[in-house]
Amino acid sequence: MRVVAAARLGRLCESLSRGTRLGSGGVIGGRVLLALAPQAPRELAEGREVVLVSGTNGKTTTSTYLAACLRTRGPVDHNADGANTPAGVVRTLAAGSAPVVVLETDEGWLPWTLAQTRARTAVLLNLSRDQLHRHHEVAAVASGWHSALTRLDHAVANCDDPDVVFPALAARRQTWVGVGLRWTQDALVCPRCGRECRRAAQDWGCRCGLRRPTPDWRLEGADLVSDTRRVALHVGLPGRANLANAAMAVAAATSLGADPQAAADALREIVSVAGRYGVLEHAGRRARLVLAKNPAGWVEALGVVCAGTAPLVLAFGSDGVDGRDPSWLYDVPFAAIAGRPVVVTGRRATDMLVRLQMEGLTDVRRAPDVVSALGMLPPGPVDVVANYSAFQDSRRELRHAS
Ligand SMILES: [Zn+2]
């Protein structure tokens, strides 16, 4: 009764919040619900199959993919708005009654969400540096996961990331998926013993015995392959990282009873997730929005934009959700975009400008906002790469101007 009443009050606060434009309604509703009924997540998850999706990069896309895969079997609730901390999680649990719930989960909140929802399955993607003021060390997050996952039944985990493998081994059973790890600079030290983690091609291992598990599923080109199956992935989103996200989702859905090819076919129509890779038109220019919020994300984003030749707008901020310490910019290999016209913008555009100059890039200018930035570039398609707050700002400005 208390949870039902608190959920109603939460929804009322949401609509009031939206009406007065005071903030993002869903999170406020979730906060009210948690304050009035702290036991709500436990009660609302009772009797439902809850699946958590966590990692530094790809959790919004992978959870969207996984929800689509599992809908081939029946109704699924999902925090599609990306609200992945306790307020967003409880709000999603309260908003629906589907027997299956896919929850994108912030990596720092995975232990809490697991304890509250008693999820039996977690999909674990990767861990790398992000929001340095909040997650000081990747090893600390991996260690927190390791303690929490002792209560997990089944980890569907990327076997190419030692920071994921170590905690996943604490779960009762594992499905290992080999999707690769392009960014390895945060995986040089063994998360178990602190010694060097050696890599040779795909393989990795440490003297303490922690080593790459043999994958049950592996990504081969655009196929997901096991010893007995080959599944063609149909991915509308560009880039290698999204193939990896699709592979993780289809492997997880299969372990939960979905037909692998039907699950893969369900991904065909998804061409934009929360605005990512969406194309907005302004003054005859088509601007494709690409999110990149940490070194690993930038490496993947540079792979996507370097597949084409479009000029670039790089929008950069460092507000709370971005992480207030932007020093990691110096780990991103920006030489890949040398020779291409670039305009930088955003509240920390100067940091980006200095970084690109230090890389030796010469054709770099600065604009006060993304719309002005587009106007400074030659006609034709443009790629706008932005970190989190700058992405939201760019999207809003372009929509407003169109
Ligand atoms: Zn070790």
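The values are calculated or read from the model by the stated rules, or taken from the named source; none is laboratory data. Predicted, not measured: the structure shown is a model, and the values here were computed from it. Methodologically, a virtual Cβ is constructed for each residue, glycine included, from the backbone with ideal geometry; neighbour enumeration extends over all protein chains shown.
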In the list Leu188, Leu124, which residue meets the criterion of being in contact with a strand residue (DSSP E or B) (Cβ under 8 Å, 6 or more places away or on another chain), closer than 21 Å to Asp331 by Cβ and of a type in the set (A, V, I, L, M, F, W, C)? Leu188
Any idea which of (1) surrounded by 17 or more Cβ atoms within 10 Å (Cβ to Cβ); (2) farther than 22 Å from Arg129 by Cβ; (3) not acidic (Asp, Glu) is the one Val332 doesn't satisfy? (2)
I'm told Ala122 meets every condition in (1) away from the ligand (no atom under 15 Å from the Cβ); (2) of a type in the set (Gly, Ala, Ser); (3) surrounded by fewer than 22 Cβ atoms within 10 Å (Cβ to Cβ) except one. Can you identify the failing condition by its number? (3)
Kindly list, by first and then second residue, each pair from a residue in the range 93-109 that is in contact (Cβ under 8 Å) with a residue 24 or more places away in the chain to a residue that is part of a helix (DSSP H, G or I) and of a type in the set (Val, Ile, Thr), limited to pairs with Cβ atoms under 6 Å and residues at least 6 apart or on different chains. Leu103/Val89; Glu104/Thr60; Thr105/Thr113; Glu107/Val141
Do you know which residues across the range 211-224 are surrounded by 12 or more Cβ atoms within 10 Å (Cβ to Cβ) and either of a type in the set (Asp, Glu) or within 11 Å of the ligand (Cβ to nearest atom) (or both)? Arg211, Asp216, Asp223
Among the listed residues Ala244, Ala249, Ala155, Ala232, which satisfies the condition of being surrounded by fewer than 20 Cβ atoms within 10 Å (Cβ to Cβ), away from the ligand (no atom under 16 Å from the Cβ) and hydrophobic (A, V, I, L, M, F, W, C)? Ala232
Does Val164 count as within 16 Å of the ligand (Cβ to nearest atom), touching a helix residue (DSSP H, G or I) at 6+ places or on another chain (Cβ under 9 Å), closer than 14 Å to Met248 by Cα and touching a residue at least 60 places away in the same chain (Cβ under 8 Å)? yes
So in the range 33-80, with the set limited to residues that are of a type in the set (Val, Ile, Thr) and over 18 Å from the mean Cα position of the chain (by Cα), which one is surrounded by the fewest Cβ atoms within 10 Å (Cβ to Cβ)? Thr72
Take the range 81-106 and flag every residue that is under 14 Å from the mean Cα position of the chain (by Cα) and either at positive phi or surrounded by fewer than 24 Cβ atoms within 10 Å (Cβ to Cβ) (or both). Asp81, Gly82, Ala83, Thr85, Asp106
Given Cys193, Cys208, which one is within 16 Å of the ligand (Cβ to nearest atom), out of contact with any helix residue (DSSP H, G or I) (no Cβ under 9 Å at 6 or more places or on another chain) and farther than 23 Å from Glu107 by Cα? Cys208
Hand me the list of helices (runs of 4 or more DSSP H) wholly inside the range 311-402 holding 2 or more residues that are modelled with pLDDT under 90. 388-401
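Name the one entry in Arg268, Arg276, Arg285 that is at pLDDT below 90 and farther than 16 Å from Asn57 by Cβ.
Unique residue meeting the criteria: Arg285.
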Hey, among Asp160, Asp186, which residue is at pLDDT 95 or above and assigned to a loop (DSSP other than H, G, I, E, B)? Asp160
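Counting just the residues of the range 341-370 that are β-branched (Val, Ile, Thr) and touching a Ser or Thr at 6+ places or on another chain (Cβ under 9 Å), which one comes out nearest to Ser318 (Cα to Cα)?
We begin by selecting, within the range 341-370, every residue β-branched (Val, Ile, Thr); these are 342-345, 350, 354, 362, 364, 370.
Narrowing the set further to residues that are touching a Ser or Thr at 6+ places or on another chain (Cβ under 9 Å) leaves 343-345, 370.
On the way: Val343: 18, Val344: 14, Thr345: 12, Val370: 16 Å.
Across the range 341-370, the extreme among qualifying residues is Thr345.
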Where the second residue is among the acidic types (Asp, Glu) and the first is closer than 17 Å to Thr56 by Cβ and lies in the range 320-331, which pairs have Cβ atoms under 7 Å and are six or more apart or on separate chains? Gly323/Asp130; Pro326/Asp351; Leu329/Asp351
Can you name the condition, by its number, that Gly30 falls short on among (1) buried (at least 23 other Cβ atoms within 10 Å of the Cβ); (2) under 26 Å from Asn126 (Cα atoms); (3) of a type outside the set (Lys, Arg)? (2)
Counted residues in the range 235-278 being among the hydrophobic types (A, V, I, L, M, F, W, C) and either free of Cβ contacts under 8 Å to residues at least 12 places away in the same chain or on the phi > 0 side of the Ramachandran plot (or both) come to 1
Checking Arg207, Arg218 in turn, the sole residue that is in a loop (DSSP other than H, G, I, E, B) and either at pLDDT below 95 or over 30 Å from Phe391 (Cα atoms) (or both) turns out to be Arg207
